[in-house]
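Notes for the one structure printed next.
No lab work stands behind these numbers, since they all come straight from the coordinates. Since we're looking at a predicted model, the values are computed, not measured. When we count neighbours, we look across all protein chains shown, and the Cβ atoms used for this are built from the backbone with ideal geometry, even at glycine.
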Amino acid sequence: MARHDVAVTGLGLVSPAGIGVEASWARVCAGEPTAAYDPALAGGPVDFCCRVPGFAATALLGPRRARRLDPFVQFAVVAAQEAVADAGLDPGRWDGTRVGVVLGCADGGPTTVEQQHQLMLAEGTGQVSPLLLPMQLPNMSAGQVAIELAATGPNLVVATACASGGTAIGLARDLLLLDRCDIVLAGGSEAMITPLVMAGFAQMGALSRRSAEPAAASRPFDAQRSGFVAGEGAGVLVLERVADARARSARVRARITGFGATADSHHVTAPDPQGQGFERAIRAALSDADVDPGEIDHVNAHGTATPLNDLVEAQVLHRVLADSALVTSTKGVTGHLFGAAGAVEAAFTVLAIEDGLVPPTANLDDPDPQIAIQVAAKPTPRRIDLALSTSLGFGGQNAALVVAAP
């Protein structure tokens with residue numbers, strides 16, 4: 001067991017695949033896509049996405065809290081509550097000064113911003129809610145989780161675009177190794193599916209336009225991929241030092257053993273065509289974990305289903321790992337959760353290790369012949385001792401996590 005290890009003792013998920021870890025993992029393993037027509041996007045350039053199904057904020061959080069929280073904060077609070085319960089921890093009994101929260105978020109609360117902007121245009125500035133800023137600021141996901149769970153240690157929101165969730169987990173690990181905290185709730189949350197945000201992505205040419213069959217639109221590593229499908233949700237992991245988890249007889253679900261983060265310094269949206277920054281992030285994570293590339297059994301790839309991203313990522317994975325690892329992209333089911341993606345996918349990586357099962361890459365019907373890596377097209381039983389979870393973001397930001405069996 002490396003001295004850099006931290007234990008994952010709890011998981012919480014709110015995703016398009018379901019509310020809760022069990023529901024989300026079951027649909028991901030079934031390879032059942034979640035993309036569907038969304039009436040809130042009717043008339044826009046793209047009218048489908050991957051929503052969290054049946055999220056009843058009032059029932060889950062109570063009417064007052066539900067009204068005062070933007071969806072990205074609602075998702076974070078619900079996921080954090082599940083993760084803490086899963087870890088067997090009681091916020092009423094812990095030393096909150098030693099409990100930190102580090103969450104990733106790319107945007108904050110655009111739902112609230114757009115609603116309040118429309119209200120201002122229609123009825124004047126006097127009708128704008130005084131809760132506008134407390135609801136939409138990106139730091140409010142971590143701030144509200146801390147309020148809900150009496151966590152008074154370091155409280156941070158990390159913004160590295162679509163790498164935010166992975167970056168947050170890596171930084172949370174650092175807080176534990178530096179003895180700044182004894183427990184950290186780490187992950188990410190996002191709710192960016194609004195008409196304005198979707199129009200912006202569409203204008204960039206980033207979204208799939210496969211409106212006639214939305215369930216088939218998110219197709220990572222497939223020759224017919226045409227762009228990503230937007231998703232929403234949250235993933236939270238409870239992290240502790242391994243010795244502390246063992247001392248309280250906690251279930252160690254997996255270990256985070258390595259982290260790498262880099263910048264391409266190349267382009268505001270496109271990855272470096274040679275993938276040099278991404279490769280350095282992977283190699284840094286492997287070095288941090290003190291493992292050889294050939295020891296990696298499985299990769300939960302960023303795999304957005306955009307033509308350039310998937311090709312560059314696959315080339316780097318092949319260059320670093322050769323054929324040792326079986327790769328999947330769970331975005332074929334969930335769509336792209338932006339700042340929450342790395343956290344949700346890290347949780348799926350933990351579950352893959354636990355169950356000895358690589359989930360399928362949904363819609364991989366015609367694998368791109370330019371992609372040389374092994375990509376799982378169906379659920380594949382496999383012993384997984386070491387896995388990699390990778391994330392890339394606008395601005396050329398990269399994050400890689402090495403996840404190990406307990």
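Quick look at the values:
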item	result
Exposure proxy order (Cβ contacts within 10 Å, fewest to most) of H336, H267	H267, H336
Within the range 49-105, trypsin sites (Lys or Arg not before Pro) in DSSP loop having at most 14 other beta-carbon neighbours inside 10 Å	R93
Kirkwood Rh and Cα Rg combined as Rg over Rh, evaluated for the range 119-238	1.07
Among beta bridges that DSSP assigns inside the range 256-404, antiparallel share in %, nearest 5	70 percent
Packing rank of 105-115, 243-253, where each peptide gets the mean count of other beta carbons within 10 Å, highest leading	105-115, 243-253
Whole-Å semi-axes of the range 82-186's equivalent ellipsoid (Cα gyration tensor)	32, 16, 10
Among A285, A230, A85, residue whose mean-square fluctuation peaks in a GNM of the chain (springs only between Cα atoms under 10 Å)	A85
DSSP beta bridges in the range 6-247 [antiparallel fraction, %, rounded to 5]	60 percent
Fraction of antiparallel bridges per DSSP, the chain only, in percent to nearest 5	65 percent
The range 256-404: translational diffusion in µm²/s, Stokes-Einstein, Kirkwood Rh over Cα pairs, 4 °C, 1.567 mPa s	87 µm²/s
Globularity ratio of the range 6-247, using Cα Rg and 2.2 N^0.38 Å	1.05
Mean ellipticity per residue at 222 nm, deg cm²/dmol - from DSSP H runs of n ≥ 4 across the chain, formula -39500 (n - 2.57)	-10500 deg cm²/dmol
Ranked T194, T334, criterion: other C-beta atoms within 10 Å, fewest first	T194, T334
Among L326, L177, L119: highest mean-square fluctuation, GNM of the chain, C-alpha pairs under 10 Å	L119
Once the Cα gyration tensor of the chain is diagonalised, semi-axes √(5λ) in Å	29, 27, 18
